[in-house]
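Before any comments, here is the structure.
The values are calculated or read from the model by the stated rules, or taken from the named source; none is laboratory data. On a predicted model such as this, the values are computed, not experimentally measured, just so you know. All Cβ positions, even for glycine, are placed from backbone atoms using ideal geometry, and neighbour counts span all protein chains on display. These accessible areas exclude ligands, DNA and RNA; they are computed on the full protein's heavy atoms, side chains included. Shrake-Rupley method; radii C 1.70, N 1.55, O 1.52, S 1.80 Å.
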Amino acid sequence: FPSHDTTCIARSSLRQFKWHRDGLMPKKEGAHMDLGNAFELALLDKRSFETDVAIMQTEFWKAKAMEEKPTLKVPKNSAKYKEFENGFYSKNEGKYIISDVGPHSFSYIEMMLESCYSDQTIRKLIDGTEYQLSLFWTDQETGLKLKTRPDICKRKKNVIVTLKNYRDWE
């Protein structure tokens, strides 16, 4: 089945399309991707958020490093901090990683959730949604088999929504 992602990749670069088709395309990774995925889970699938997202306790780690050595100028560079960080990453391999404060953090997700929950239209959209439901159909004009996997789906009301943020349009 051709997907929207495949079509977009083919439009931007045939080389990238071949890499995608052959499974060689590098995955989009990084703090902003983890934040987006963690936010989506926090909004639409709280159980998966609890199992698939890990929140780094950077402020706690800094405080412990400073407690051990009060003269530290950069607690993140200390052996104690690195010990906490390495243990955290090994324990949470394969999970979405977000920080407890700052950009790409849990506090940022909380602000976004508050904004969503305060909007009546968004609340109606997320209430009773079928999350990550795959939909398949055949285009009548071309005969192409198509699929989509929207973030929010309400088949009885003919509503499908994919969550995006302003970075997705840059």
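Which order do the peptides 126-133, 142-149, 56-63 come out in when sorted by mean C-beta neighbours inside 10 angstrom, highest first?
Per-residue Cβ counts within 10 Å, averaged per peptide and sorted highest first, yield 56-63, 126-133, 142-149.
How far apart, in nm, are the 7 Å Cα→Cβ label points at Lys145 and Lys157?
3.2 nm
Rounded to a whole number, what % of the accessible area of the range 74-148 do carbon and sulfur atoms account for, probe 1.4 Å?
Solvent-exposed carbon and sulfur of the range 74-148 make up 52 percent of the total.
Taking all protein chains together and a probe of 1.4 Å, list Ile160, Ile109, Ile97 from the most accessible to the least accessible.
Ranked from most to least accessible, the order is Ile160, Ile97, Ile109.
Run a plain Debye calculation on the range 38-87 (Cα atoms as equal point scatterers, no solvent) and give log10 I(q)/I(0) at q = 0.13, 0.16 Å⁻¹, rounded to two decimals, same order as the q list.
The computed values of log10 I(q)/I(0) come out as -0.43, -0.55.
Could I have the simple spin-label model distance between Ile122 and Val74, label points 7 Å from Cα toward Cβ, reported in nm to one decimal?
Placing both labels 7 Å along Cα→Cβ, they lie 3.6 nm apart.
Beyond a 27 Å Cα-Cα separation, which of these cross-linked pairs lie in this structure: Lys46/Lys80; Lys64/Lys91; Lys46/Lys91; Lys95/Lys156? Before the final figure, lay out each step's value.
Numbers: Lys46/Lys80 32 Å; Lys64/Lys91 19 Å; Lys46/Lys91 21 Å; Lys95/Lys156 33 Å.
Distance filter (> 27 Å) returns Lys46/Lys80; Lys95/Lys156.
Mind checking which of Pro103, Ala65, Val159 is farthest towards the positive end of the range 58-170's charge dipole, using Cβ charges of +1 (Lys, Arg) and -1 (Asp, Glu) about the Cα centre?
Value: Val159.
Between Gln57 and Ser134, how high is the FRET efficiency from 1/(1 + (r/R0)^6) when r is the Cβ-Cβ distance and R₀ = 35 Å? Nearest 0.05.
Taking R0 as 35 Å, the efficiency between Gln57 and Ser134 is 0.45.
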